[in-house]
Structures are given as structure tokens and as C-alpha cells.
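Comments concern the structure below.
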Amino acid sequence: MAKTKEPEPSKQEVLREPAEVQYRAQLAALAQRDADTPPASWKLSPRSVLAYVVGTAKPLSVKIDGKTVDVPITRKFFGDDALVERAIVTLASERALLLVGEPGTGKSWLSEHLAAAISGCSTLTIQGTAGTTEDQIKYAWNIARVIAEGPRPDNLIPSPTMLAMRTGGLVRFEEITRCVPDVQDALVSILSDKNIAVPELPDANMVFARPGFNIIATANSRDQGVNELSAALKRRFNYIHIPVVGDHKTEVAIVRDRSRELLERYKIPARLEEPVLNVLATVFREMRSGMTTDGTSFPKPSTTLSTAEAIGVALDAAIHARYFGSGAVGVADIARNLVGSIVKEDLGDLQVLKEYLAVVAKKRSAKDASWKEFHEAAVKAL
Ligand SMILES: Nc1ncnc2c1ncn2[C@@H]1O[C@H](COP(=O)(O)OP(=O)(O)O)[C@@H](O)[C@H]1O
Ligand SMILES: [Mg+2]
């Protein structure tokens, strides 16, 4: 019987490609035009890494197969560029980097792009959980083969940390404060000695890090209390606080860019127009601060209303409009999908949302058609 042939991995469609694959043209263009020398093992110079993360005003002209092509370098992370600069400097230094902030502020996103631009690989990642073990940070053994052959280098299963050490790359450690202190402590020796000892091996029992090796960790400030880092570990990290986007225009830009990219991934040809994005960003900003633009205050909901949450609402609204509506995303689609992201476990938040609708949205509906549509759809959805 003929076997159905699986397509080659490189030709297979992938739901979400890592940054270095998705943005390979931009990374190649930056490498071609790099005017500065990259630090040891880095793919790009610090200036080009910054340009990759925050974008450039003009496209880069590069030569591909003898032809000159303009490659636009898009902005990936929106926020303070000085903060990104500091993150890059830290990664070129002795110390590791810890990005701290509220959930959904783009910490993992920034760490992925930094790893992609600096070491050309963002997939050496450890996900911190209450169940993370020391093996996942250092190394493990293929037990069956160790029983048969004894410990040998090729029976060893390296961790992402070990792989990054061998190549002089970056390892990403997500949600580091979720790990128990014993496991976090395994990092102290890795960060200070820059090596991993493998005492089970008779010889060659040390793995030394090549220049360029470093760690980018992320932690949610809401979870800080879970397992705070030990003083010894704190000293080995530079902390960079990632704030919630406070500026209306920036938030509109993030939601617009990210939802466009995600909708392309799902092959949904919907577009979010400016008035719709404006209402969405306004509701999020006002509910987050408990204060309207014109100074009316109301109680705040207990959930975090992050930019990531706003992107989620925009995406759901567009998918809804595509499958159950006309395809055009209206303010009403936003209103319908908003309720679930504001009212989560705390039913008191329902009251907060009702109050916002009654006090703020209703007042605006008299003068503004978008707000009228928003108010009516939201009241119906409650
Ligand atoms: N400042 C920002 N710039 C760009 N994208 C952002 C920003 N804040 C949030 N996002 C988007 O929000 C989504 C979730 O962010 P993520 O990195 O997972 O958050 P965190 O790790 O901080 O909880 C990502 O798709 C990211 O693109
Ligand atoms: Mg994260």
C-alpha cells in the first residue's frame, strides 16, 4: 500500500513561526547593512538589534541575488526605546536580564525578538512553572541508554541552557518567579561560573559557556509574591520594568499592527478601522485607570486590562464579524467581545462595567455614533 508522504518540515505550514523565521528578511537585511562589529557570537551589532526591535524610519536597501531591494524594518516592540537599549546593553554584559511587569505588557514578545536578533534563535526556552525541575535547567539522562551503556556524553539530554552555553547564544527563561527557590538556585552557579558540571561523566565533565551566552528571564509583577528571587540571584540580574502602555496613540498602533498580523495568520481578510480601534483603546485605557479623559472617575475592575487583552478582543471581534457578520468589524463586535475580557472571575466587575456604560458610554452616545453603537451592543451583551 502506498504511504501518504508527509510534506517536508520546511514546506509544512506552521501556525506560529518563531521570530527569526517570520522576520528573516528583515534580519538578513540588517546583517547585510550592519556598520558596526557585533559582540562575540552575536549575529548583529547592538545598534542593529535596536533597529530590528524598534524599527527604522526608512526601508533598508539591500542586494538580494544581484538586485537591489528595499526592506522595511517594522517596529516590533512599542514603548520606550531607551528601555530596549538598556536591555541590549545588559545582554552584552556579565549580568543576565530580567523583564518584569504586569501580565500582557509584551515581556515575552520583547524577549523573543531580542533572542532572535542577537543569537538568531529564540526557541531555546525554559517555561517556569511550579513543576520545573533542576534537570530542565541543567541536563537530564536518557535513562534506558544509561542502564545499558552507563553515562556517556551522547546519553546526556542537554537543557536549553546547555545548548545556549555551547553556542554562545541566549536562553529565555519565562516566568522565572513561578519556579521554586531550589530550582532557581541552580541558576546562581550557571550565572556566576558560566559552566555546568556533569559529575556523572568520567571525563569531559564540564560544559563551559562560550562568549555571548546569557539569559533573558521574564516575571510577572502580579506573581512576584509566588517565589521571590533570592538575594544571590537578584544580584546577578539587571531588572528592567516594562510598563503598561499609557499612551492612546501607541496602544492603537499596537492593536492595529498585531491584530493585522494575527488575522493574516488565520487568513481572515477583515480590517479594523480607526474609529473602531479608537473606541477599543479608549475603553481599555479608561477602565484601567478608573478615570475618563475628561476627568470623570468610576471604580476600576479587578482584572488586568493589558494591551494583550485588547488585541484579543480585537481579534475575536474580527473573527466574529467574518463568520457571523458582514466581514466588516464594527464597534458592536468589539462591545460584544469585551464583556468576557473584563468580567472574569470577579462578578463585581460586571457592576463596574455596567457603571462605565451608564456613566461614560451613554453620555458620549448622544454626540457620537460610534459610542452609541458601542453602548447599545454592550448593554445587550450583558
Ligand atoms: N508594548 C508592546 N509592544 C508590542 N506588542 C505588545 C506590547 N504589549 C503587548 N504586546 C502584545 O501583546 C501580546 C502579549 O504579550 P506577551 O509578551 O505575551 O506579554 P507578557 O509576557 O508581558 O505577559 C503580544 O502579542 C504582543 O505583541
Ligand atoms: Mg509572558
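The values are calculated or read from the model by the stated rules, or taken from the named source; none is laboratory data. In this text the structure is predicted, and so the values were computed from the model without any measurement. Heads up, the Cβs are rebuilt from the backbone with ideal geometry, glycines too, and the neighbour counts pull from every protein chain shown. Note: accessible area is taken over every heavy atom of the protein model, side chains too, but ligands, DNA and RNA are not part of it. Shrake-Rupley method; radii C 1.70, N 1.55, O 1.52, S 1.80 Å.
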Item to complete: Might you let me know whether the range 145-156 holds any residue that is surrounded by 16 or more Cβ atoms within 10 Å (Cβ to Cβ), within 25 Å of Thr90 (Cβ to Cβ) and touching a helix residue (DSSP H, G or I) at 6+ places or on another chain (Cβ under 9 Å)?
Response: no
Worksheet item: Looking at this structure, is Thr56 more than 15 Å from ligand 1 (Cβ to nearest atom), open to solvent by less than 70 Å² (accessible area, probe 1.4 Å), over 18 Å from the mean Cα position of the chain (by Cα) and hydroxyl-bearing (Ser, Thr, Tyr)?
Response: yes
Worksheet item: Does the range 79-92 hold any residues that are away from ligand 2 (no atom under 16 Å from the Cβ), open to solvent by less than 50 Å² (accessible area, probe 1.4 Å) and not aliphatic (A, V, I, L, M), and which are they?
Response: Thr90
Discussion item. Tell me whether the range 93-100 contains one or more residues that are under 13 Å from the mean Cα position of the chain (by Cα) and either within 13 Å of ligand 1 (Cβ to nearest atom) or under 17 Å from Arg172 (Cα atoms) (or both).
Written reply: yes
Discussion item. Six or more apart or on different chains, Cβ atoms under 6 Å: show the pairs whose first residue is in the range 173-196 and assigned to a helix (DSSP H, G or I) and whose second is open to solvent by less than 10 Å² (accessible area, probe 1.4 Å) and of a type in the set (D, E, K, R).
Written reply: none
Worksheet item: Which of (1) touching a strand residue (DSSP E or B) at 6+ places or on another chain (Cβ under 7 Å); (2) open to solvent by less than 50 Å² (accessible area, probe 1.4 Å); (3) more than 16 Å from ligand 2 (Cβ to nearest atom) does Leu99 not meet, given it meets every other one?
Response: (3)
Item to complete: Would you please list the contacts, defined by Cβ atoms under 6 Å and residues six or more apart or on different chains, that run from a residue in the range 267-283 that is in the same structural domain as Ser306 (by TED's automatic domain parsing) to a residue that is outside any loop (DSSP other than H, G, I, E, B) and polar (S, T, N, Q)?
Response: Leu272/Ser259; Pro275/Ser370; Val279/Ser370
Worksheet item: If you go through the range 259-278 one residue at a time, do you hit one that is assigned to a loop (DSSP other than H, G, I, E, B), over 17 Å from the mean Cα position of the chain (by Cα) and of a type in the set (Phe, Trp, Tyr)?
Response: yes
Worksheet item: So how many residues does the range 213-241 have that are at pLDDT below 90, among the polar types (S, T, N, Q) and either in contact with a strand residue (DSSP E or B) (Cβ under 9 Å, 6 or more places away or on another chain) or within 14 Å of ligand 1 (Cβ to nearest atom) (or both)?
Response: 2
Practice prompt. Mind listing whichever residues of the range 161-172 are outside any loop (DSSP other than H, G, I, E, B), open to solvent by less than 10 Å² (accessible area, probe 1.4 Å) and within 16 Å of Lys43 (Cβ to Cβ)?
Written response: Ala164, Leu170, Val171
